[in-house]
């Protein structure tokens, strides 16, 4: 019992103190008042002063709050009480007050730094989730100045604002963004907030309902793997749709990434507003498979699907070309290449790339152009044309005489989609061996979950660590036509995954002969490692960089999703290399305008030239969208970069 009473007092004190700084201040004020009353009572009832009780309490309070009064006192008792009050004043009035206020300020600063304060924005771009794509998406948005200006004009906004909702905002996140953006970093432009997209109050924190676009990147290294990542994405879309504040208000455009293409329709149905879904596994798998089939395409993809590396895909209105044929419109753009159109088909967007030359442009069509900048998509004066359409003589791309042998080193959630992509080429044969430390039983289970059954390819699963020289040598890499080093999502980060890929790449350089050697294609998951391959042989695809570019550009121009889906999705036209002889071009000097005309005669769109003798400044010898009057000295080893439709 004697111990219980002090414990109860301590407990009550603790509960009051933890309620907040206002309760702590009230306790200190009460304690100061109590001491002032006690000090005043001692002075008043001792008879040393003739003042009343109220004046005595005021006298005590002044000594407690201001030590300057100490020298005015006379008498031993008065000086003793005054000294005690002055010392208590230092401890309580000054010390406790400063401590409480300082602690309160620290708590407020920590709360502000943690990103817990709701924002009040309008027409901002919201990025939900911090993944290995988030910094690159932010960089793409900031660098796409021309697209951003058009985007802001459509939204009647003046300044680009970007909000990021991360699980936890730390100093490390801010530092990473500053490092990635460099001189482009603007702390007034980027807002970091802590929260989970699965919680309503956290969505309110970033004012998602007033955002102009919501970007939802997937996480290669998220907890639970690709299936859980897609589940979280769909759940977030459903949460935004059923948010109470969304009633009676149009939801913003949502641009979401899913891994499994079978879940695209589920994701679309989960959201009640405009939504664009990108199936990243299908996109990256197609890029990898295309690069295996056509060596050197990684240099084309790297230019088209990253910002600031030459040419990109742009859209522009075509009202002035209404009623014109595609064949005639191609001559209107002196510094751009017309790839096709995007038109509205009911409630969906339909992309028509490399359409027949007689296709007529409608008033609401959007032209798809390959250019170095938005300014280069400007059209020249339109001349009337009554030329007859050329007779198109389509030709098929050459296919290998026998089965192509492919060695895949590594395992990730992309493998089922990659194998399905290889299996979709009915006129080509592939023999594929997959080497990974992932148990074969787990791989077979993953293939079954994705409903994959090989029909046109032969697949062999091999268990082993390909970073071990003896195991890699046993696989006989020189016997393959192509080797694909896949980034692994089983490791903790892109840096760890790329470290294994780079080690395997260096081992392959030691094991493979100088010439001829298989085509080595490396998938990187950390954009920072791309610089390691600039002066090395082999080809590189940085999947987070490509996917970040797509997500950012679709958020700024929604119609681009249809273009990316047709160009880099299953089926549809594709980019290939053709020898000049396929177009009837002989070795020797030829202008790019002549190459364009020759390709058009065969139903293709010439995008550029791939030179065997690599020139300075050209990635892999690829020159896309060169000036039409530029002359190339073509040889039998040079190739034409073409957009073709089988």
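Of the numbered criteria (1) in contact with a helix residue (DSSP H, G or I) (Cβ under 7 Å, 6 or more places away or on another chain); (2) crowded, with 22+ Cβ neighbours inside 10 Å, the one residue 569 fails is (2).
Listed here are the residues, each with its yes/no results for (1) at pLDDT 85 or above; (2) touching a helix residue (DSSP H, G or I) at 6+ places or on another chain (Cβ under 6 Å).
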site	(1), (2)
500	yes, no
503	yes, no
533	no, no
549	yes, yes
555	yes, no
582	yes, no
587	no, no
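Assessment of segment 165-173 against the conditions (buried (at least 22 other Cβ atoms within 10 Å of the Cβ), closer than 18 Å to residue 207 by Cα and in contact with a helix residue (DSSP H, G or I) (Cβ under 8 Å, 6 or more places away or on another chain)) yields at least one matching residue.
In segment 327-356, of all residues being part of a helix (DSSP H, G or I) and touching a strand residue (DSSP E or B) at 6+ places or on another chain (Cβ under 7 Å), the one that is surrounded by the most Cβ atoms within 10 Å (Cβ to Cβ) corresponds to 329.
Table: residues versus (1) at pLDDT 90 or above; (2) assigned by TED's automatic domain parsing to the domain that holds residue 221; (3) under 30 Å from the mean Cα position of the chain (by Cα).
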site: 363; (1), (2), (3): no, no, no
site: 395; (1), (2), (3): no, no, no
site: 399; (1), (2), (3): no, no, no
site: 419; (1), (2), (3): yes, no, yes
site: 449; (1), (2), (3): no, no, yes
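Among the residues of segment 572-597, which ones are more than 34 Å from the chain's Cα centre (by Cα), surrounded by 18 or more Cβ atoms within 10 Å (Cβ to Cβ) and under 19 Å from residue 646 (Cβ atoms)? Listed by number, the residues that qualify are 582, 583. Scanning segment 293-323 for residues that are within 25 Å of the chain's Cα centre (by Cα), over 30 Å from residue 419 (Cβ atoms) and in a strand (DSSP E or B) gives 312, 314, 315, 316.
Taking the criterion of being in contact with a helix residue (DSSP H, G or I) (Cβ under 9 Å, 6 or more places away or on another chain), part of a loop (DSSP other than H, G, I, E, B), crowded, with 24+ Cβ neighbours inside 10 Å and in contact (Cβ under 8 Å) with a residue 12 or more places away in the chain, would at least one residue in segment 140-158 satisfy it? Scanning segment 140-158, I find no residue that is in contact with a helix residue (DSSP H, G or I) (Cβ under 9 Å, 6 or more places away or on another chain), part of a loop (DSSP other than H, G, I, E, B), crowded, with 24+ Cβ neighbours inside 10 Å and in contact (Cβ under 8 Å) with a residue 12 or more places away in the chain, so the answer is no.
Of everything in segment 176-200 that is under 17 Å from the mean Cα position of the chain (by Cα) and without any contact (Cβ under 8 Å) to a residue 24 or more places away in the chain, the residue that is surrounded by the most Cβ atoms within 10 Å (Cβ to Cβ) is 185.
The values are calculated or read from the model by the stated rules, or taken from the named source; none is laboratory data. All values derive from a computational prediction rather than experimental measurement. As a convention, Cβ positions derive from the backbone with ideal geometry for all residues, glycine included, and neighbour counts pool all protein chains shown.
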